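Down below is the structure, laid out as structure tokens.
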């Protein structure tokens, strides 16, 4: 099954590479759906750069006052992306921290749409599709709940246990 999913991802990458505006591919699936394994496989195959957002952003946020997380998180993340080799596709994983109220409930799709104007991004989202070009993170009523607009980007939905 991973082989078929890897081929879908490679094809999506080829499709968006030629786009002018956003070069963004979203891997959408629940926790434990195989997003990380798939990303790492294809990243290695095509010579991409892997970025664990939770790990790297947490390291950076440890150097700033916790009261300023909401204003510092987005610029720090953009700097982290800029610090990666620009010619290589960037595979972004483990973004759960971005949904946290402590960092300002950042919308990762919007954030990486901006970054993907300059380089190809493959973004892993632990979400579920809720309609045409819509996804949802967490459960309604929770402070980290967020609806996401996926219009204009390539989406690969991974079924649970893929």
In contact with a helix residue (DSSP H, G or I) (Cβ under 6 Å, 6 or more places away or on another chain) and outside any strand (DSSP E or B): is that true of residue 111 in this structure? no
Going through region 95-105 one residue at a time, which ones are assigned to a loop (DSSP other than H, G, I, E, B) and under 12 Å from the mean Cα position of the chain (by Cα)? 95
For region 71-94, name all the residues that are exposed (fewer than 15 other Cβ atoms within 10 Å of the Cβ) and either within 13 Å of the chain's Cα centre (by Cα) or not in a loop (DSSP other than H, G, I, E, B) (or both). 71, 75, 78, 79, 82, 83
Answer yes or no as to whether residue 61 is in contact (Cβ under 8 Å) with a residue 60 or more places away in the chain and touching a helix residue (DSSP H, G or I) at 6+ places or on another chain (Cβ under 7 Å). no
Given the options 118, 102, 96, name the one that is more than 20 Å from residue 37 (Cα to Cα) and at pLDDT 90 or above. 102
One residue from 34, 18, 29 being closer than 24 Å to residue 156 by Cβ and touching a helix residue (DSSP H, G or I) at 6+ places or on another chain (Cβ under 6 Å): 29
Within region 136-156, residues assigned to a strand (DSSP E or B), surrounded by 14 or more Cβ atoms within 10 Å (Cβ to Cβ), over 13 Å from the mean Cα position of the chain (by Cα) and in contact (Cβ under 8 Å) with a residue 40 or more places away in the chain come out as 146
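The values are calculated or read from the model by the stated rules, or taken from the named source; none is laboratory data. Remember, predicted model here, so these are calculated numbers, not experimental data. Quick reminder, even Gly has a Cβ in these numbers, built from the backbone with ideal geometry, and neighbours come from all protein chains shown.
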